[in-house]
1. Filter segment B:1-17 down to the residues that are within 20 Å of the chain's Cα centre (by Cα) and charged (D, E, K, R), then identify the one that is farthest from the other protein chains (Cβ to nearest Cβ).
2. I'm checking my understanding of the structure. Among residues of segment A:111-127 that are of a type in the set (G, A, S) and open to solvent by 20 Å² or more (accessible area, probe 1.4 Å), which one is farthest from A:Y99 (Cα to Cα)?
3. For a quick check of your reading of the model, give me the residue pairs whose first member lies in segment B:183-197 and is within 13 Å of B:V211 (Cα to Cα), whose second is modelled with pLDDT of 90 or more and of a type in the set (D, E), with beta-carbon atoms closer than 7 Å and at least 6 apart or on different chains.
4. Does A:V132 count as surrounded by 19 or more Cβ atoms within 10 Å (Cβ to Cβ) and within 19 Å of the chain's Cα centre (by Cα)?
5. Checking the conditions here, which among A:G41, A:G64 is more than 10 Å from chain B (Cβ to nearest Cβ), crowded, with 22+ Cβ neighbours inside 10 Å and within 20 Å of the chain's Cα centre (by Cα)?
6. Going by the conditions given, is B:L98 surrounded by 20 or more Cβ atoms within 10 Å (Cβ to Cβ), among the hydrophobic types (A, V, I, L, M, F, W, C), over 18 Å from B:G158 (Cβ atoms) and within 14 Å of chain A (Cβ to nearest Cβ)?
7. Among the residues of segment A:92-122, what is the count of those that are in contact (Cβ under 8 Å) with a residue 24 or more places away in the chain and more than 10 Å from chain B (Cβ to nearest Cβ)?
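The values are calculated or read from the model by the stated rules, or taken from the named source; none is laboratory data. Not measured: the values here are computed from a predicted model. Note that we place each Cβ from the backbone using ideal geometry, even for glycine, and neighbour counts take in every protein chain shown. These accessible areas exclude ligands, DNA and RNA; they are computed on the full protein's heavy atoms, side chains included. Shrake-Rupley method; radii C 1.70, N 1.55, O 1.52, S 1.80 Å.
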Amino acid sequence: MTALELVDLGYSYGAKRALDGVSFALRPGRFTALLGPNGAGKSTLFSLLTRLFVTKEGRITVAGHDIAKEPRAALSKIGVVFQQPTLDLDMSVAMNMRYFAALHGISGREAARRAQEALERLGMAERAGETVRGLNGGHRRRMEIARALIHRPEVLLLDEATVGLDFKSRQDIVAHVHELAAGGLTVLWATHLVDEIHDSDDVVVLHRGHVLAHDTAAELRKGRPLADVFIEMTATGETA
Amino acid sequence: MKPYLVALLAIVRREALRFLHQRSRFLAALVRPLVWLVVFAAGFRAALGLSIIPPYQTYITYEVYIVPGLCGMIQLFNGMQSSLSLVYDQEMGSMRLLLTSPLPRWWLLLSKLLAGVAVSILQVYVFLAIAAGFGIVLPPLGYLYVLPALVISGLMLGALGLLISSTIRQLENFAGVMNFVIFPMFFLSSALYPLWKMAESSDLLRDICAVNPFTHAVELIRFALYQNLNGMALLWVAVSFGVFFGLALVGYDPAYGLTRRKPGR
């Protein structure tokens, strides 16, 4: 069973087609990059995956649960980091974590234990008591990733999680998330930055609402720089 | 049931902490009704004669008359502000986060409403305490009886705010909401003048006031402050809450409404 499967997914904003016939399945325990230029439909896809939008076209299955038929079971298997930060700046890291745990019905000692465990995975444990406002951008993002793990999801979705960060923070976060995938978590990482993708990662190339390619990065680039391949594909719109 | 309760308490706690952190909002919320009470009511005291109407059993001064209306005003502003913050502050992101919880959406939105109500009740009690400091003291038990009235009126006004946030996109800023929602609701109600006083100038005005749910919220609060239950007002407020909340749920249904806006806009 795959952790996340999309079958023939479509979505429109009025007359504008945002996604059309999108199908792919994530291999469990893999880092899959959803690579696409701005406006490719990545954020729309994320809204469908987190059920902020629904569509009648196609099907999304999370850990065996159809998101349309069993939304709550499906959502409980998903951890998500949105492009825009969603933090309470005046509260501590620990309080932000506990709030999110509570939204999943986890409270008390169990919540504290899981928050601690998730922060440790992201190397953030020593910052639990700090106010979020005092953290730099990279640490804030790491906290959001830790928060997305607190209910022990099977799939972690990140929508351009490194936007606005400096190079070092970006590198750190990319490394951390690759480690999470190596630890068995299924990761979908939306980006338009090819330098965040390792050769061994799976890549889904999305352009104008269509999937152009789905393969490992190494296979896709065949010895050439991935950036060149990506620019070529999205310039012509041809399937590789 | 436990996960539901855990989420509710966390949402209420977060809203209360956010409110306490925003000191300017706290101050504004208090200063606004106090200005009305101290400046406006003092000026109008001489101009407006009030006869004895239920629930009052004696002649009252104008300051005493407008206290329930000002309690309602606090809740009205609060309901609109908390829903607008969803659209215009960072709060849209936190709403998205909230809605990815596996708990049912109606429960999450109801929790969000109750959190706003808790904050508004806190403000009302601080206001009542300051009003008492100015010599406007209500029957002691009234302070207790008013609590359930404030819960239901706060829910109704919060649900209206939620509905507005989910459906009306033309209200670009708070000024728009002030002009088209808060002012009409507040002035076309029994908050400042009793309905019979309105009828003296125009029957139409009186009729508009009589169907304004805010009038009924104010009357519910007014009667409760004097340990009376206004059944009609309760019914109006409860039904209005049901309608507003039901429509807000449709607005927040993933198939339509607010969340359908392109992310990041």
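1. B:E15
2. Per the stated criteria, the residue is A:G123.
3. Matching pairs, first to second residue: B:S190/B:E219.
4. It is false that A:V132 is surrounded by 19 or more Cβ atoms within 10 Å (Cβ to Cβ) and within 19 Å of the chain's Cα centre (by Cα).
5. Selected residue: A:G41, the only one of A:G41, A:G64 that is more than 10 Å from chain B (Cβ to nearest Cβ), crowded, with 22+ Cβ neighbours inside 10 Å and within 20 Å of the chain's Cα centre (by Cα).
6. On the way: surrounded by 20 or more Cβ atoms within 10 Å (Cβ to Cβ): yes; among the hydrophobic types (A, V, I, L, M, F, W, C): yes; over 18 Å from B:G158 (Cβ atoms): no; within 14 Å of chain A (Cβ to nearest Cβ): yes.
Taking the combined requirement at face value, the residue does not satisfy it.
7. Matching residues across segment A:92-122 total 10.
So that you can scan it fast, the table gives a plain yes or no per residue for (1) modelled with pLDDT of 95 or more; (2) surrounded by fewer than 18 Cβ atoms within 10 Å (Cβ to Cβ); (3) within 11 Å of another protein chain (Cβ to nearest Cβ):
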residue: A:S23; (1), (2), (3): yes, yes, no
residue: A:G29; (1), (2), (3): no, yes, no
residue: A:G36; (1), (2), (3): no, no, no
residue: A:L48; (1), (2), (3): no, no, yes
residue: A:V54; (1), (2), (3): no, no, yes
residue: A:E57; (1), (2), (3): no, yes, no
residue: A:T86; (1), (2), (3): no, no, yes
residue: A:D90; (1), (2), (3): no, yes, yes
